[in-house]
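Just below is one structure, and these are the notes that go with it.
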Ligand SMILES: [Zn+2]
């Protein structure tokens, strides 16, 4: 027993060390070999270690190299680089849970339909049960475990400890899914009411401990409301004939607006020369920050407008592709005139404007001109300034932001052709901003898109040919990030399970 505990502890500290190296540019981990007969060629790296390492990375040999040196075993760790969206950093366990019974297998539509009906009837039955005033010992349950229901039967001795163990994961899972009920004191196996023995005063203590435990769960908000985890806790008396023989503890957990973690993600990095566990905020920000990807990761909208422009100006498509080459991910919103969209004057020399909102630079307003005159630089800058002001004053954007401008013009003809485009102005070459203005996180993107949505809605200047496409895009940004976060969360948990098989 002690040996296995020691091994578990060693394994934990090694995992922590390796995760830290993965997240901090790579490095080497040195392990002292206890077994004198050990040979790397003959024995390999050992099953325990192999499993631990396989939990951390998709392909062990892509990240790790091994070497035996005297009485030491060396693990060389390569810096983490994942192309999988939402897997920007190495994490042992995200501690973000979801209840998901139906998604494990792909099912056909009729099966899923029936399942969903059954699920919602369980929910209704569980809700009736929750609203009862007392229970009978060994009475049969009308519902089973489902997406909405979790049933536990704990012995009295370690009741509080067991509840504290299961609460974080269960509350996280219910709150992150569709809410649900956690019943303690029912037998899932026998499908009946059992109850646990307790004094009245124990129940008060239990309720306080539950409250303390839930209030400590780390949460991350994408929204402005930032609501708290909402739940109800209730104890029901269980009667055997006429006498009170125990209690059932019931928790009703409401769905949460954003993300609830069971505890801080198991992920570490080196900060100020110290190994630090990432906070939920740091972890989410790092997770959301996507890897460099080719330019098709930039979404162009509105489709009809940019396709029309590209067919009229053959040089434009090429120029844009070149400009977007280094952008990892973002949105390029085309307009005949962003100036007009912001309720300013349009300019006949402008072919089009395009606003880039991306992860790795402040917003850039591109302007493409068919000819050149002096006032045009002013046109672009004025549009950018107006946009910035409106994002704050109308859109309610509260962060620090700057809008860069970049102007191209066609030297030879009034249409942009390959080779005719010349750079007239690029504000990023001369503008100096503090880092707090140019550092764009996924939260910034979200906030900017939300603010832009409000600005454009209020002004009502968008053509109705394009507005729905633009609005839809700006609105879905938040839910996209959520789904990405959860995709990464479930992955880590699946990995965790594999190690026990
Ligand atoms: Zn929220």
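Considering only the stretch 176-233, how many residues are more than 30 Å from residue 277 (Cα to Cα) and within 16 Å of the ligand (Cβ to nearest atom)?
Of the residues in the stretch 176-233, 0 are more than 30 Å from residue 277 (Cα to Cα) and within 16 Å of the ligand (Cβ to nearest atom).
Could you list, in sequence order, all residues of the stretch 155-173 that are touching a strand residue (DSSP E or B) at 6+ places or on another chain (Cβ under 6 Å) and more than 22 Å from residue 263 (Cα to Cα)?
The answer is 156, and nothing else.
For residue 280, indicate whether it is outside the structural domain of residue 448 (by TED's automatic domain parsing), within 16 Å of the ligand (Cβ to nearest atom) and either modelled with pLDDT of 95 or more or crowded, with 19+ Cβ neighbours inside 10 Å (or both).
yes
Rundown of residues vs (1) under 26 Å from the mean Cα position of the chain (by Cα); (2) in a helix (DSSP H, G or I), yes/no style:
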residue	(1), (2)
381	no, yes
387	no, yes
391	yes, yes
396	yes, no
406	no, no
412	no, no
424	no, no
437	yes, yes
443	yes, yes
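State whether one or more residues within the stretch 301-314 are surrounded by 13 or more Cβ atoms within 10 Å (Cβ to Cβ), under 14 Å from residue 368 (Cβ atoms) and at pLDDT below 85.
Checked against the condition, which is being surrounded by 13 or more Cβ atoms within 10 Å (Cβ to Cβ), under 14 Å from residue 368 (Cβ atoms) and at pLDDT below 85, the stretch 301-314 yields at least one hit.
Conditions tested, residue by residue: (1) without any contact (Cβ under 8 Å) to a residue 60 or more places away in the chain; (2) surrounded by fewer than 21 Cβ atoms within 10 Å (Cβ to Cβ); (3) farther than 20 Å from residue 298 by Cβ.
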{"position": "340", "(1), (2), (3)": "no, yes, yes"}
{"position": "362", "(1), (2), (3)": "no, no, no"}
{"position": "383", "(1), (2), (3)": "yes, no, yes"}
{"position": "389", "(1), (2), (3)": "yes, yes, yes"}
{"position": "392", "(1), (2), (3)": "yes, yes, yes"}
{"position": "400", "(1), (2), (3)": "yes, yes, yes"}
{"position": "416", "(1), (2), (3)": "no, no, no"}
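Can you tell me which residue is nearest to the ligand (Cβ to nearest atom) among those in the stretch 254-275 that are over 22 Å from the mean Cα position of the chain (by Cα) and either assigned to a loop (DSSP other than H, G, I, E, B) or under 22 Å from residue 156 (Cα atoms) (or both)?
272
Just checking, which of 483, 479, 428, 488 is assigned to a helix (DSSP H, G or I), at pLDDT below 50 and touching a strand residue (DSSP E or B) at 6+ places or on another chain (Cβ under 9 Å)?
Working: 483 fails: touching a strand residue (DSSP E or B) at 6+ places or on another chain (Cβ under 9 Å); 479 fails: touching a strand residue (DSSP E or B) at 6+ places or on another chain (Cβ under 9 Å); 428 fails: at pLDDT below 50.
Only one candidate passes the filter, namely 488.
Does residue 158 satisfy the condition of being in the same structural domain as residue 189 (by TED's automatic domain parsing) and more than 32 Å from the chain's Cα centre (by Cα)? Talk me through it step by step, then tell me what you get.
On the way: in the same structural domain as residue 189 (by TED's automatic domain parsing): yes; more than 32 Å from the chain's Cα centre (by Cα): yes.
Against the criterion (in the same structural domain as residue 189 (by TED's automatic domain parsing) and more than 32 Å from the chain's Cα centre (by Cα)), residue 158 qualifies.
Give me the helices (runs of 4 or more DSSP H) completely within the stretch 292-372, filtered to those with at least 2 residues that are in contact with a helix residue (DSSP H, G or I) (Cβ under 7 Å, 6 or more places away or on another chain) and more than 21 Å from residue 464 (Cα to Cα), ordered by residue number. Reasoning before the result, please.
Values: elements: 303-312, 314-324, 338-341.
Once the helices (runs of 4 or more DSSP H) in the stretch 292-372 are filtered for at least 2 residues that are in contact with a helix residue (DSSP H, G or I) (Cβ under 7 Å, 6 or more places away or on another chain) and more than 21 Å from residue 464 (Cα to Cα), what remains is 314-324.
Among the residues of the stretch 326-339, count how many are modelled with pLDDT under 85 and more than 22 Å from residue 441 (Cβ to Cβ).
Summing the residues that are modelled with pLDDT under 85 and more than 22 Å from residue 441 (Cβ to Cβ) in the stretch 326-339 gives 0.
The values are calculated or read from the model by the stated rules, or taken from the named source; none is laboratory data. Given the structure is predicted, the values throughout are model-derived calculations rather than measurements. Backbone-built Cβ (ideal geometry, glycine too); neighbour counts: all protein chains shown.
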